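Data first, discussion second: the structure below is written as structure tokens.
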Amino acid sequence: MKPVIAIVGSNMMDLITYYHNRLPKMGETIFGEDFEIGFGGKGANQGIAASRLGGEVIMVTAVGDDLFGPLVRDNFCQNGINTEFVKVVPGKTSGVAPIFVDQEGRNSIFIIPGANYSLLPEDVSRVRSELKRASFLLLQLEIPLPTVYYAMELAQELNLQVILNPAPAQKLDWSKVQGVFLLAPNESELESLTGIPADSLDNIQKGASFLLEKGVQNVLVTLGEKGCALFTREGWKKMEAYPVNSIDTTGAGDAFLGSLALFLSEGKEMSQALNLASAYAALSTTKRGTQKSFVSRGEFENWIATYLRTDRS
């Protein structure tokens, strides 16, 4: 029986520009290297990762009635995700994300939420009976905060464990966030949430302690190519990233969290799940694009088996 992951969150059409040296100055036009269109959005990305690894995904999101909306719905279908709970918002554009990727694979991203900001608490309420089947609920901040808060309240009622990706970073009502199973910011988001510079491991520990004091059960700080660090009330543990030849880091954080939820829902203990999720995220950076860089379960298991054999030889 497939593990069930619920996601209440965003979807975007990624408009990806690859460039060599620099972005243009104000009023300047320069040549870029390449351009691609793909499917993205933090919620959708995490759902696609979990689905490709073998999970059943309950996806609650919203698209516009523009030309992108049907494409997004078709993409979910092609990846084994039911579109019953994909809301179509009349008169709204679907969300888009212009992304700029440099020659080192690093990205800068704008997001224009569009229909994502029409995803309301009542849309989540309609899915209550379905959510009962899930083991984890993934949330992000590319949809209205009242919808995020309502989803967390409902998860508590249903005994669902919540993984909250606080991105893009916003001021949170800590009384609403108490009891979250896992809060997973990156370094810049940690700094925005706590006001503590994330410029050293010591300060990252201080920031994580601040969040734990607010009632979060666990804090997972993603550190990019430096790995991640898990903080609990019992202590903390840092895990190194898998060294790979990265060409595009777009969506790697979403690949990490979507796969982490899937591995945890399979009953893997946290350290093992984090290790596998780190590998899955690293592998995604070796290909261009967002969702199209997320591999299937079979491809992932073959890759990691080869990686470990090579690493030990």
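Derivation of every value follows stated rules applied to the coordinates shown; laboratory data play no part. Source: prediction; values computed, not measured. Every residue, glycine as well, gets a Cβ built from its backbone with ideal geometry; the counts of neighbours run over all protein chains shown.
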Q: Distance between Cα centroids, the stretch 203-230 to the stretch 140-194: provide it in whole Å.
A: 14 Å
Q | Ascending count of other beta-carbon atoms within 10 Å, so fewest first, for MET152, MET26, MET13 | A | MET26, MET152, MET13
Q | Dipole magnitude of the chain about its Cα centre (Cβ charges: Lys, Arg +1; Asp, Glu -1), debye to nearest 20 | A | 500 debye
Q) Within the chain, what percent of beta bridges assigned by DSSP are antiparallel, to the nearest 5? A) 45 percent
Q. GNM, the chain, Cα, under 10 Å: largest mean-square fluctuation among GLY251, GLY41, GLY27?
A. GLY27
Q. How large is the dipole of the stretch 47-151 about the Cα centre if only Lys and Arg carry +1 and Asp and Glu carry -1, each at its Cβ, rounded to the nearest 20 debye?
A. 300 debye
Q: Towards the positive end of the charge dipole of the stretch 70-210, with charges on Cβ (+1 Lys, Arg; -1 Asp, Glu), say which of SER125, GLN161, LEU190 has the farthest Cα.
A: SER125
(Q) Test of the criteria: in the stretch 67-125, which trypsin sites (Lys or Arg not before Pro) are in a DSSP loop and have at most 14 other Cβ atoms within 10 angstrom of their Cβ? (A) ARG106
(Q) In 5 Å bins starting at zero, report the fraction of Cα pairs in the stretch 125-283 per bin as a rounded %. (A) 2, 9, 19, 22, 22, 16, 8, 3, 1
Q: Would you mind telling me which residue in SER192, SER108, SER293 has the biggest mean-square fluctuation in a Gaussian network model of the chain, where springs connect alpha carbons within a distance under 10 angstrom?
A: SER108
Q: Between the alpha-carbon centers of the stretch 85-99 and the stretch 7-26, tell me the distance in whole angstrom.
A: 16 Å
(Q) Helix-only mean residue ellipticity at 222 nm, the chain, DSSP H runs n ≥ 4 weighted -39,500 (n - 2.57), per residue, nearest 500. What is it? (A) -11000 deg cm²/dmol
Q: Given a cut-off of 29 Å, name the pairs among LYS42/LYS268; LYS214/LYS287; LYS171/LYS287; LYS2/LYS287 whose C-alpha atoms lie farther apart than that in the structure shown.
A: LYS214/LYS287; LYS171/LYS287
